[in-house]
Amino acid sequence: MDFDQILEAWQAQKTAPPYGLNHDALRQALRAEEAQSQRMQRHRRRLMWFMWMFGTGMAIWAGFWIAITIANGWPVVYAVASGASLGLFALGAGALWAGRGREPEQKFANSLEEEVRRSLARVDDQLAMTKRLFLFVLGAASIVVGAKLFAWTTVRSQDILVSSDGSWWWTALVAAVFVWVAFKVRNGMRNARPTLELRQRHLRELLAALGSRG
Amino acid sequence: MLASEQNTVFQGWMEAHTAILYKVARAYGATHSDREDLFQEIALQLWHSVGAWRGDCAAATWIYRVALNTALAWRRKERRHLHGRQDIEDASRLLVVPCVHDPRLDWIYRRIAELDEANRALALLMLDGFSYREMARVLGLSESNVGVRLNRIKAALAAQLAREGRDGL
């Protein structure tokens, strides 16, 4: 056997492929991929839309409440509380935005080296995200506290009678749910770290292999 | 780009260049099951890439680029974990193995599998007759680096052939 014979066998793969392709299975996989891709896009759009609507709505409502408080000459504490809750909503939205990480890309770089660098940057970012739990907790806590403060302002300024016992139970329940979610997120991120670190090491090795001269 | 247009381009590529996907899947997958999984992953990434193709290089070059990018980034368990895709073993088989094996192909794929991942990509492109410039562009290496690496690969292949010739294999 010589090299020419090997090349001949190699080139014959174009006309006589080494495998047969099950077109039905491929079509099925493509349909599933298309559906998954559309689902993810829809989900992302909905989430952004909800965050935008909620944030804008709450900001307008809080601003409106400050204006009413001033116009009606209500105690200044309500205007301050509304302003504080507005600030907390903004802080919450900002912290969640800063901690959101990168969106998965479907673009393709021009060369393998660029592609590996891009993948590595994404893995680095995902790993960094596991350390950005603080931002998630800050964002969620700001929104929860802002909502509570705003609810208090609305209820107190209108002299709405509510049972203080019920209010404390409700606060305790929200705090418990919040702690549980933060705990689950922290565990999920901690479990993902070994896989991500392995992938990071592999990509770095690959980059070193591509970058080494000769 | 419309979904129907994307599917038409993809089908055209699959009809004309499926061999590239087979070769890359075989070079980077250790077992048949791995190859099936990788083949599926490459096909899906190729489908996603249709919109990004601007026609500034030959379709075969683009397909090689996407296939190699996918193969090098591919880690079987991770991909499934990340995307929640269906396990290929649970679905109908994607690749059908033919009855006849060419021992020359088995030999060259064994030699390719012995190379590191970056050099495997170079070996595939070399065997498919890509120029140094095209290989450099696909892999993001300098042409001189491609030349040095290819010389080493060729020398290793020649040495192995000579050794097996001497041993009467």
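Tallying residues that are within 16 Å of B:Glu134 (Cβ to Cβ), assigned to a helix (DSSP H, G or I) and either within 10 Å of chain A (Cβ to nearest Cβ) or hydroxyl-bearing (Ser, Thr, Tyr) (or both) within segment B:41-66 yields 5. Tell me which residues, restricted to segment B:26-50, are open to solvent by less than 10 Å² (accessible area, probe 1.4 Å) and in contact with a strand residue (DSSP E or B) (Cβ under 8 Å, 6 or more places away or on another chain). Those that are open to solvent by less than 10 Å² (accessible area, probe 1.4 Å) and in contact with a strand residue (DSSP E or B) (Cβ under 8 Å, 6 or more places away or on another chain): B:Glu36, B:Phe39.
Filtering segment A:138-148 down to residues that are open to solvent by 50 Å² or more (accessible area, probe 1.4 Å) and among the hydrophobic types (A, V, I, L, M, F, W, C), which residue is farthest from the chain's Cα centre (by Cα)? Only one residue fits best here, namely A:Val145.
Against the criterion of being modelled with pLDDT of 90 or more, open to solvent by 30 Å² or more (accessible area, probe 1.4 Å) and closer than 15 Å to A:Ala9 by Cα, B:Arg120 does not qualify. Scanning segment A:46-66 for residues that are among the small types (Gly, Ala, Ser) and either under 12 Å from A:Ser157 (Cβ atoms) or surrounded by 12 or more Cβ atoms within 10 Å (Cβ to Cβ) (or both) gives A:Gly55, A:Ala59, A:Ala62, A:Gly63.
Which residue is surrounded by the fewest Cβ atoms within 10 Å (Cβ to Cβ), if the candidates are limited to segment A:3-35 and must be assigned to a loop (DSSP other than H, G, I, E, B) and facing chain B (nearest Cβ under 7 Å)? Of everything passing the filter in segment A:3-35, A:Lys14 is surrounded by the fewest Cβ atoms within 10 Å (Cβ to Cβ). For segment A:36-45, enumerate the residues that are open to solvent by 40 Å² or more (accessible area, probe 1.4 Å) and within 12 Å of chain B (Cβ to nearest Cβ). Of everything in segment A:36-45, those that are open to solvent by 40 Å² or more (accessible area, probe 1.4 Å) and within 12 Å of chain B (Cβ to nearest Cβ) turn out to be A:Gln36, A:Gln38, A:Arg39, A:Met40.
The values are calculated or read from the model by the stated rules, or taken from the named source; none is laboratory data. The structure presented is a predicted model; accordingly, all values stated were derived computationally and were not measured. Neighbour counts run over all protein chains shown; Cβ positions are idealised from the backbone, glycine included. Accessible surface areas use protein heavy atoms only, side chains included; no ligands, DNA or RNA. Shrake-Rupley method; radii C 1.70, N 1.55, O 1.52, S 1.80 Å.
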